Amino acid sequence: MKKIKKVSKSKLKKKIDILFSQKVREGKVCLKCGKKDSLQCAHIFSRRYMATRWDFDNAIPLCYACHFFWAHQNPMEFSAFIVSKIGMVKVEELREKSTRITKYTLQDLEGILEQLKKS
């Protein structure tokens, strides 16, 4: 009898992170400077907040330079930029959502992964 390997939550989260990042970046340009290369998935509210970690409203494509040398080095300027792009109402909705305590089961994570694969 063949053993079925159980996938851990951490491995599923990693797979979801990779696919989510690809979806945020595919066919896009840096939202700040317009470059097409070295794109990264930049989160408006940190990935540590599970409620918004894989929310497309909470992620934007930024090139490496804009992500690390602008968004992370100038958080106030980045925040003002985000408000100018999506509006204060949406920012506040994301802020509220990000603070919700969210714990995913293995089945929840499998469902999220399948939804991302279909989108």
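The values are calculated or read from the model by the stated rules, or taken from the named source; none is laboratory data. Not measured: the values here are computed from a predicted model. Please note: Cβ atoms are built from the backbone with ideal geometry, for glycine as well, and neighbour counts cover all protein chains shown.
Miscellaneous remarks
- Qualifying residue in region 62-76 (condition: at pLDDT 95 or above and under 22 Å from Lys15 (Cβ atoms)): yes
- Taking the listed residues Ser98, Ser84, the one that is of a type in the set (Ser, Thr, Tyr) and more than 17 Å from the chain's Cα centre (by Cα) is Ser84, with no other qualifying.
- The residue pairs whose first member lies in region 18-34 and is of a type outside the set (D, E, K, R), whose second member is in a loop (DSSP other than H, G, I, E, B), and whose beta carbons are closer than 7 Å, counting only pairs six or more residues apart or on different chains, are Phe20/Trp54; Val29/Lys35; Val29/Lys36.
- Residue check, Glu92 farther than 21 Å from Lys9 by Cβ, among the charged types (D, E, K, R), out of contact with any helix residue (DSSP H, G or I) (no Cβ under 9 Å at 6 or more places or on another chain) and not in a loop (DSSP other than H, G, I, E, B): yes
- The set of residues in region 95-113 being assigned to a helix (DSSP H, G or I) and loosely packed, with under 11 Cβ neighbours inside 10 Å consists of Gln107 alone.
- Flag for Lys85 being surrounded by 12 or more Cβ atoms within 10 Å (Cβ to Cβ) and under 25 Å from Lys118 (Cα atoms): no
- Region 82-119, subset without any contact (Cβ under 8 Å) to a residue 40 or more places away in the chain and basic (Lys, Arg), residue farthest from Arg47 (Cα to Cα): Lys118
- For Arg48: the one exception among (1) within 13 Å of the chain's Cα centre (by Cα); (2) over 23 Å from Leu106 (Cβ atoms): (2)
- Subset of region 1-28 (residues that are assigned to a loop (DSSP other than H, G, I, E, B), more than 16 Å from the chain's Cα centre (by Cα) and either surrounded by 11 or more Cβ atoms within 10 Å (Cβ to Cβ) or polar (S, T, N, Q) (or both)): Val7, Ser8
- Verdict on Lys36 being farther than 23 Å from Glu93 by Cβ and either among the basic types (Lys, Arg) or surrounded by 13 or more Cβ atoms within 10 Å (Cβ to Cβ) (or both): yes
- Index of the failed condition, Pro61 passing every other in (1) surrounded by 14 or more Cβ atoms within 10 Å (Cβ to Cβ); (2) closer than 30 Å to Glu114 by Cβ; (3) free of Cβ contacts under 8 Å to residues at least 24 places away in the same chain: (3)
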